[in-house]
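In what follows, a single structure is set out as structure tokens and then discussed.
Throughout, read-outs are computed from the coordinates displayed, never taken from laboratory work. As the structure is a computational prediction, the values presented were derived from the model and not from experiment. Here the Cβ is made from the backbone with ideal geometry for all residues, glycine too, and neighbour counts use every protein chain on show.
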Amino acid sequence: MQIDKRKIPGSVMLFSVVCFIQASSLLTAFLAGVTFQDSWFAILIGTIAGLPMIWIYNMLISRFPGKNLLEILSEVFGKVLGKIFGVMYIWFFLTLTSLNTIDMGNFVKLTIMEETPRLILMVLCIVVGAWAIRYGIGVVSRYSFLFSMISFIILVIGIFLVWNQMDFKNFLPMFTLPVKEYIQGTNIILTIPFGELVVFLMIIPNVNIPPQKISKMFFIGYLLGGIHILVVMARDIAVLGNTIAMFSLPSLVTLRLVHLGEALSRMEILFAVVLIMLMFFKITFLYYVTVITIAQFFNLKEYKPLILSIGALILSYGLTLYVSPVKHTLSGQEITPIFWILFEFLLPLVTLVTAAIRKRPKTGKV
Amino acid sequence: MKLVRIFSAAVLAAFMLLICGCWDDYELNALFIVTGIALDSSQNPSQMDISVQIAKPHPSSEGKSDSENEPVILMNTTAPTMSDALSVFNRNSNRTLMLQHNQVLLLGKSLAEDNIIKHLDLFMRDQETRMEVLVMVVDGRAEDIINAQLEQDSISGMFLARLITDLTTASSHYQIRMIDFVSRLLDESVAPIAPIVSLKENNGKQEIVMNGMAVFDNERMIGQLTNDEVTGYIWAMGDVSRGEVSFSTEWGTAVLNISSLTAKREISFDNEKVQVNLSIKAQLHIGQISGFKYISMEELMAHLQTSAEQAIRDKIMNSFEISKTLNADIFGFGRSIYRTYPSEWKKIREEWETVYQNLELDVNVDAHIATTGQITDSLEMEEGKSAD
Amino acid sequence: MFLKYFIRKLQYITGFRKAVRTPEETHKEAHWKPEETESGTSEEKEKEPMKAELKDNLGQLLDMLGNSNDVKKHVFRFGPDNTLSGALVFIDGLADSKTITDAILRPLITTRMKGLASLKGENLLDAVSENALFSGDVETVESLSELAAGCLSGDTALLLEGCQAGLIISSKGWEKRGVSEPQSEAVVRGPREGFTENLRTNTSMIRRKIHHGKLIAEQLTVGRKTRTGICLMYLDGVANPDVVKKVKYRIENLEVDSILESGYIEEYIEDAPFSPFSTIGYSEKPDVVASRILEGRVAIVVDGTPFVLTAPMLFIESFQSTEDYYVRPLYASLVRILRFIAFFIAVFGPAVYIALTVFHQEMIPTTLLFTIANAREGTPFPVFIETAIMVITFEILREAGVRLPRPVGQAISIVGALVMGDAAVSAGLVGAPVVIAVSLTAVSGFLVPNQYDAASMLRIIMMILAALIGGYGISMGFLGLLIHLASLTSFGVPYFQGLSFSRNLEDAVVRMPLWTMVKRPKGIAYHDITRRRFFIPPLRPHQDEDGQKEN
Amino acid sequence: MPLLIMGFVLIALIDFIPVIRKKDWGLAAVFLLIFVSALVFSVLEINNIKIPSIMEAAGNLMKSIGLSY
């Protein structure tokens, strides 16, 4: 049963994946604090290590065509266990949305609105997002192409603007950190932007192309997003060198350093605006997925009346999560990467294996 | 149904706007644009004298001539930290100080020689200050520079920023921004440096001149390089696109202009001894020559080339010797070793200072004189030819 | 204050609860018929057959026409030995008296047809219309109300003694404005004719552009009182039948009193009446309308106005001027990009200025900041008020200039722009940068005339957002704007189509050469999508010249 | 606090009334569940009552079983 019956083309889905990953390029600070000048390597490994994860998602998609995650869970595990996993995923999506909204608030507060209370910035974002969600998946994902193109262009322009400040010796020395830190870094990058793609399992039925093509789109989008993050990281390292771990927003500091004559300097707020747009996309997407997951969990016929109250829940629940941004970063580096594996990797894997064992879906191909 | 919903949504929107308030708004005429900050040591060693230079806005409406007006406002106080000083300034002025457009951070020499690390903290942490603020050391008291009445630019902070921008066209290594400074500070081996400026009285007019660079160890200023030595340092770092090599030999004196100069370093380890090979490639062209009579063009070129190579090498070696006496690795050789030979670096990092003392620098200069300027021979050469 | 909101809210709800529609009410509403004030007689009359006596018919017809001064009747006798009598009814000023004299009266009176006197009733009418009249458009009707309607649209009613029917003879001929250059859409290159107020002239102008049998014109009449003629024109096979059906359905179901201008129709049938963006396009130029019809749109020609509506409308349509297709593609692309930038400035210009000077002084280059700070020094108002004053002043000046006769309008703009602006700056009331920012915005707004109203409304919203929360407010406003645009549809076609994804990109931000636009815009055109043979290279004509595929 | 209450009242006005009117009681129940929990969370938050953070609890749990860096 599909709550939102609107369809989106496959290309929109592709760029939604790209955009979704790009939005995380802000949060590379989690990573830079762990693996320093080798962060690019962690991203590279993370991108490659993420491929099996995407493969699992794709297997689920092609095994259960036209079904979203909740339906798959209840079909594979039966009613009771399926519902339990459903609740877990609702909590997961809700937490993700809250965390991303908080990230957005922190980011905006730190960069352009220093004195405005964080809550207000978040409320504004959620309200605008709620507006988009009323119109369904089509509007939520429509601008993915535009946003991802803009951020690609901004990335290229940014690289040109800081070209004179790049020092490729900043990558040296390579591979001198303890192995554990590479594992940690890879884990962070694998779970925080890439693994969050599990939310796309909720909207797959809305994509009006055959499952094989969806898999292709998923892969391409994933790779494009991965490359984007990789390039951002490489640029930041090349510019900032050993100071990269010092900043909470390395990519913004990089762009702050742009100085080509007096006119082409001090432009980082423009970049901040682009990042706000990307973050907004991601938040809206997660918010949408949370809303339809909850609505579907309770077998509701429509989801619209829930939007605003779920938004309020996201905000109020989000505020309880971390006392301070420092704790947030610490947790982002140390705890969430492991914790999220459960939702992003283990559960889908278990689902796939169980489906194979129990030969589900019964009528479909095995 | 629709009407209620639309109305509620409208109220929600209005409500949003209502709570949004204006937390961050500062009208421009309620702001003081800070263009320079000077830190000096004060009598009380736990405090410092802080002065800020504020560009004074002039109403653009006609009638009043600007000449009587001071171009800048100066504020002084003595406080233990920069943030304390800022609150004092904000208390004593009718406007809020805006630091984002601060151009220079000037450190008085006595303060720099005392301890700078603890004073720089605010400049790194606060988002309000930008990492591209220029760091400079003042020979004398920093507030004098900020007070200076200059002919070239009415605001000395802007003057210094433009001075450095101008120098940057010669080589990017002249520009020491906050981030460069901090980057060097964070590194275990590289010594931070910063340009030194001083105020000069010249026929009753004030002038700011740059005289070298201050060298720091991990917390204080330990010495300085003269302008000449700075040139050597800059050449050793490579990435030079302007500059002059001047020398005089037994035949005459010449000034060659550098059109590009790049440096490449190679490091080799020779039982406990570190050897650095610096190979420099320079593209020169003749700026000005005098003398060199009775000499053919080919000979002259070869002669100029070897002499120029020698001159460049001498300068670099000179700077290197100075850095050795200061025991400060301004060239970042330690960082190069760390980057290319991380395992070797682990062995020597503890006694880097002694290793640096024994470091051998080998400079190979490869100069190439491309064009001869606008005239091919000097006038004196012409005379020499006609006298033949 | 909140209490007040709350109370008003509650009032709304209670007021609303009474107005909840029961199913019967909904049913009633769907079958709502206007109440005729002059009793229910008109419908009965329609059904009532005509009498045989000329006098009765004539009297009733004149009653229906209201015995007005400009209703003329002419009773005459004709036929052999003047044995037959008849009457002409027409409205003075609507009907052309020369036509009446030459094509109706003269042949009737002079007719010497044998046996005419012996004919009765229907046969007599047929004989008269077939043999005696010199008119190309004669219709036999059997009800007085139709006769009356014919008279009211400028035709002449002919009643004959002993006939239970009448003839409507076309004699429309009223004073009308000739075809002239349109005022609102001036072009440097391209046809200079514009639509007039006359429906037939307008449809004929469109037909003159598209000589094709598939160009369908469907006549509708809307407005109980005004009985305004409306003509839908579309290319059969190209226009999406769904859209045509929707347009027709919405117009046919209009239960309105009057249609005076195409704006009425636009408001009644558009998809999003509360949006600042119009979802129906309009134009005053036949070539524009023809090009839109060729792309598969439906044109709605309304009698009495030179503005022809086209639907569905896409957002990019406002940025595509017809002149784009008449000049060289590179230049057209440049101009089009300029238009996008200008629209952006028109919406966000003052907002960005406010956000920069009030919230993000950090972003302004230092030297420029000094300049702005110097200009701001001594001005009494906050930036937002200052900008708002300037924006409002500009709107006032514009409105004043538009409505006044042209010479006076010019004087107004000179006074406004030069004298007031300069005086305000030199008196120190506003800073010069504000004047620059606002006038740049104002001029930019004119580059996209179709969206001018939307731009000026959005500008104010953005300004408020910027004044409250700076750059973040602008970005949220921008995102909200995008969401709104994405949610709009025009007759089922997404409004933002053509910009948000790689569809029809050859004619979106840039204008590619005509020969690359092989397909008609997807989503609008339906069946016959291919416009031209694929990639006709301009200098290598194809062997068979008629490469155009038809259906 | 008044702002908060007003916000929630508005949410209820916008979303809850149509739900009641449609007599979709399942939806209404879910709505109330979410609405009330959001209200409780925010009222507690505004009165500075510390709500135990789920993320931190999860973190502590994972640390105690040794799953952490």
query = If contacts are Cα pairs under 8 angstrom and at least 6 residues apart, what is the relative contact order of chain B in percent?
reply = 12 percent
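Would you mind putting C:279-291, A:314-326 in packing order, based on average other-beta-carbon counts within 10 Å, highest first?
The peptides rank, most packed first, as C:279-291, A:314-326.
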Amide proton proximity set for B:Asp329, modelled H, under 5 Å, gap of 5+ = B:Ala191
task = Before anything else, pin down the relative contact order of segment C:385-461: Cα pairs under 8 Å, at least 6 apart, normalised by residue count, whole percent.
result = 28 percent
query = At what distance in nm do the modelled label points of C:Ile392 and D:Ile51 sit from each other, each positioned 7 Å from its Cα along Cα→Cβ?
reply = 4.3 nm
ask   = What FRET efficiency, computed as 1/(1 + (r/R0)^6) with R0 = 45 Å and r the Cβ-Cβ distance, is obtained for B:Ser83 and B:Glu244, rounded to the nearest 0.05?
value = 0.55
ask   = Given a Förster radius of 30 Å and the C-beta distance between C:Thr101 and C:Val256 as r, what FRET efficiency does 1/(1 + (r/R0)^6) yield to the nearest 0.05?
value = 0.20
ask   = Cα axis of helix C:383-403 to longest principal axis of chain C: angle in degrees, 0 to 90, nearest 10?
value = 30 degrees
ask   = What order do you get for B:Trp235, A:Trp91, C:Trp174 when you list them from fewest to most C-beta neighbours inside 10 Å?
value = C:Trp174, A:Trp91, B:Trp235
task = Indicate the helices, whole DSSP H runs only, in chain A that combine a mean Kyte-Doolittle hydropathy of 0.5 or more with a Cα extent along their long axis of 27 angstrom or more.
result = A:39-63, A:69-111, A:211-240, A:268-297
Entries of A:Lys109/B:Lys118; A:Lys67/C:Lys245; A:Lys180/D:Lys63 with Cα pairs more than 28 Å apart = A:Lys67/C:Lys245
ask   = Between B:Ala302 and B:Glu321, what length in nm is gained on full extension when 0.36 nm per residue of separation is reduced by their alpha carbon distance?
value = 4.0 nm
inquiry  = Report for the protein assembly as shown the percent antiparallel among DSSP-assigned beta bridges with both residues inside it, nearest 5.
reply    = 75 percent
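Per residue of A:318-328, what is the mean number of Cβ atoms on other protein chains within 10 angstrom of that residue's Cβ? Could you put the intermediate results ahead of the total?
On the way: counts 2, 7, 11, 5, 4, 3, 0, 0, 0, 4, 1.
Averaged over the peptide's residues, the number is 3.
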ask   = With each pseudo-label sitting 7 Å past Cα toward Cβ, what's the C:Gln183-A:Thr176 distance in nm, one decimal?
value = 7.9 nm
task = Could you please report the charge total around C:Ala149, scoring K, R as +1 and D, E as -1 over all other residues with beta-carbon less than 10 angstrom from its beta-carbon?
result = -1
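What ranking of B:Ser154, A:Ser331 emerges when the number of other C-beta atoms within 10 Å of each C-beta is taken as an exposure proxy, fewest first?
Starting with the residue having the fewest Cβ neighbours, the order is B:Ser154, A:Ser331.
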request  = Would you please give the residues with an amide H less than 5 Å from that of C:Leu215, counting only those at least 5 places away or on a separate chain, with H modeled from the backbone geometry?
outcome  = C:Asp236
remark   = Taking R0 as 41 Å and r as the Cβ-Cβ distance between C:Ala217 and A:Ile220, the FRET efficiency 1/(1 + (r/R0)^6), rounded to the nearest 0.05, comes to 0.25
inquiry  = Quick check: pseudo-label points 7 Å beyond the Cα along Cα→Cβ at A:Ile183 and A:Ile157, how many nm apart are they?
reply    = 4.3 nm
inquiry  = Taking 8 Å as the Cα distance limit and 6 or more residues as the minimum spacing, I'd like the relative contact order of chain C as a percentage.
reply    = 12 percent
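Return A:Lys180, B:Lys109 ranked ascending by Cβ neighbour count within 10 Å, so the fewest neighbours appear first. Before the final figure, lay out the partial values.
Working: A:Lys180 10, B:Lys109 20.
Ordered from fewest to most neighbouring Cβ atoms within 10 Å, A:Lys180, B:Lys109 come out as A:Lys180, B:Lys109.
DSSP beta bridges in chain B, what fraction antiparallel, as a percent rounded to 5?
Around 65 percent antiparallel, to the nearest 5.
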ask   = DSSP beta bridges in chain C, what fraction antiparallel, as a percent rounded to 5?
value = 95 percent
Among A:Gln22, A:Gln37, A:Gln184: highest mean-square fluctuation, GNM of chain A, C-alpha pairs under 10 Å = A:Gln184
note = At q = 0.07, 0.08 1/Å the base-10 log of I(q)/I(0) from the Debye formula over the alpha-carbon atoms of the protein assembly as shown is -0.95, -1.15
query = What is the magnitude of the charge dipole of chain B about its Cα centre, with +1 placed on the Cβ of each Lys and Arg, -1 on the Cβ of each Asp and Glu, and no other charges, expressed in debye to the nearest 20?
reply = 1580 debye
request  = Taking H placed 1.01 Å from N in the peptide plane, check which residues at least 5 places from A:Ser248 or on another chain put their amide H under 5 Å from its amide H.
outcome  = none
note = In a Gaussian network model of chain A with springs linking alpha carbons closer than 10 Å, the residue among A:Pro348, A:Pro305, A:Pro337 that fluctuates most is A:Pro305
query = To the nearest 10 degrees, how steeply does helix C:241-252 sit against the main Cα axis of chain C, on a 0 to 90 scale?
reply = 70 degrees
inquiry  = Between B:Leu284, B:Leu186, B:Leu39, where does the largest GNM mean-square fluctuation fall for chain B, given springs only between Cα atoms within less than 10 Å?
reply    = B:Leu186
